[in-house]
Amino acid sequence: MNSTKPLCISEFSKLYGELIAVENLNLEVNKGEIFGFLGPNGAGKSTTIRTMLNFIAPSSGDIKIFGLDSVKDSVRLKEHVGYLAGDIALYGNMTGNQVLNHLAYLRKNSDWKYVADLINRLDAPMDRPIQQLSKGNKQKIGLLQAFMHKPDLLILDEPTSGLDPLIKQVFYEMILEMKKAGKAAFISSHDLTEVQKICDRAGFIRDGKLIATENLQDENTINYRKYKVRFDKIPNISEFKKFTDIRVISSNDKDMIFTVTGSIDTFIKAIAGYKVLDLDEQETSLEDVFMQYYEKSQK
Amino acid sequence: MFNKNSIYMCSIWDRRKSLTIWTVVLSLLAMLIISMYDSVGREFSEIFENGGGSFQAFFGEEADPGTPAGWLGFELYGIFLPVCLAIITIGMGSSSIGAEEDSGTLELLLASPISRSRIMIEKSLAMITVAFIISNSVFLAVCLSNILFAFGINLIDVFICTISLFLFAIFFGFFALAVQSLTKKRNLGISLTGFYIGSSYFMNTLHSIWSSIEPMKYLSPFYYYDGNMILQGSVELINLTVLIIAISIAYCIGHFSFVNRDTGI
């Protein structure tokens, strides 16, 4: 097994005529790491994933999985990859068992004992034709075919789409088990809570550009806080415009909500000039962090 | 490749119902047609002779139904069987990759450690197998009917005609495959190939009425297939060779365009 990084994207760009789908993307995923890939619709997430698997070719740059080139070594590298598409498409007239047998034959290595365990945990219906299954049950079959050969790198696009909360929890356990075994995962998702829950790092992509990469396990590196302040007499919003790291995001008769990306001391001193009745730190979501990076990239 | 879970076997298994129906129906039809020769063959012969140049040109001038070879050509191997078999192979050819690309299941295959070449080869072999089974089932039905109804046809001529029919159908299948591979559009593969087969039939048959279109007959696969002539005992090996070359070109275009393009998913 090649000891190089599970995923290494270098100066990757994809153009469709004059449309730039992805521009100069650089990122790496390490062994035993779960990497979240976040972005709005049309940001370039699916384009990046499709290029990794050589569904489409890069316009420039390269993508390597365990040191294998995504184009030249496309067949070899897929021996180490498990993939789940964003909108999973399975063979409607086959049962779950038939789909897995078909794909296992093509892959030539599957751990059937492990598969049986996953089937049990996911409560996946394996004997009914796929076309009769609900979206959630199809997604379970999709997860099974991605995990069945215990790949060294999982590439998952919206992996929990359609799953109920209990099965989502099973999926989180599956991912963490793979992580403990030293495997890596690249997860594209819109579910920011989920990414925050299971990922070690996250990359934010917008309009084809990677605008930030953050370590999610280290809160200190996410220098972004949100405060709700109740004033005795609400100050003028323009009073805070001179502070570049302080922004008022909402205001009513009594309360103002601030986001603070700089020094807390500066913020405290800024509001100290007014009679403060209450100060409450709000929970910061990844969406808030993402919007911060997006707005910075717009400047 | 003969494992039940291979792409080849799954492709044939997916078509098991239509394959069975086509095989049974066409074989029974062949037997029915041969059984009717004694009773209606001569009447059709009179109709054919009195039909005039345009009528004879449409069916092929050699397709005089008054003889066993002519009857088989007029009713079966002239237009009907080639078009039926071509419909099957055009459908398979345009859908081999096209249906999976449209539905998204192509991702499952492309995410597996198998090459695009292998996918294309196994899908193509499945189409060839289906065409082989149907064409030879009809041949076997003709052989049986020849005995049952004392038809009196030269079975070697029918066998050679079956080979030519098989090659004819495979060409159109790969033509449809090539159009789909180049354009990523399954419907275009079907419609363009359908147009080609229709127009090529007229290119081949109507040149005796309109001499200005005679050069166009060389663009028609029907010219090289020429079931009626083969059944009369006149086979041109060059025609079979041209069909094989055309098949190879169409396949190569389809194969290399699929292997080298972005997939439309």
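The numbers here are math on the coordinates, done by the rules we state, and not lab data. Here the structure is a predicted model, which means the values were calculated and not measured. Note: ideal-geometry Cβ built from the backbone for every residue, glycine included; neighbour counts use all protein chains shown.
So the values come out like this:
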| quantity | calculated |
| --- | --- |
| Selection of trypsin sites (Lys or Arg not before Pro), segment B:162-265, meeting DSSP coil and at most 16 other Cβ within 10 Å | B:Arg261 |
| Estimated inter-spin distance, A:Glu79 and B:Ile133, nm [label 7 Å along Cα→Cβ] | 3.4 nm |
| Proximal charge balance of A:Ala181 [Cβ under 11 Å; K/R count +1, D/E count -1] | +3 |
| DSSP bridge pairs, chain A: antiparallel proportion in percent, nearest 5 | 65 percent |
| Span-rule helices in chain B, defined as complete DSSP H runs reaching 24 Å or more along the axis (Cα) with Kyte mean at least 0.0 | B:16-35, B:80-103, B:116-148, B:155-183, B:186-205, B:237-260 |
| Candidates A:Ala272, A:Ala146, A:Ala57, ranked by Gaussian network fluctuation over chain A, Cα under 10 Å, top entry | A:Ala272 |
| Cα gyration tensor shape for segment B:89-225, rounded if a/c is under 1.5, else prolate or oblate | oblate |
| Dipole magnitude of segment A:1-92, debye to nearest 20 (Cβ charges: Lys/Arg +1, Asp/Glu -1, about Cα centre) | 200 debye |
| Per-residue average of Cβ from other chains inside 10 Å of B:97-109 | 4 |
| Set of lysines with alpha-carbon distance to A:Lys269 below 27 Å, sequence-local pairs under 8 removed | A:Lys226, A:Lys228, A:Lys233, A:Lys241, A:Lys242, A:Lys254, A:Lys296, A:Lys299 |
| Longest site-free stretch - chain A; sites: GluC sites (Glu not before Pro), DSSP loop, at most 10 other Cβ within 10 Å | A:19-282 |
| Reachable aspartates and glutamates, given that their alpha-carbon falls under 20 Å from the alpha-carbon of B:Lys17 and they are not under 8 places away in the same chain | B:Glu100, B:Glu122 |
| For A:Ser238, B:Ser191, B:Ser124, A:Ser110, order by how many other beta-carbon atoms lie within 10 Å, fewest first | A:Ser238, B:Ser191, A:Ser110, B:Ser124 |
| Cα shape, segment A:15-77, gyration tensor, a/c 1.5 rule | oblate |
| Cross-link pairs beyond the 29 Å C-alpha cut-off, checked among A:Lys78/A:Lys138; A:Lys72/A:Lys108; A:Lys113/A:Lys168; A:Lys168/B:Lys185; A:Lys5/B:Lys185 | A:Lys168/B:Lys185; A:Lys5/B:Lys185 |
| Likely footprinting exposure, A:His102, A:His80, A:His190, fewest C-beta neighbours within 10 Å first | A:His190, A:His80, A:His102 |
| Per-residue mean of C-beta atoms belonging to partner chains within 10 Å, peptide B:2-11 | 3 |
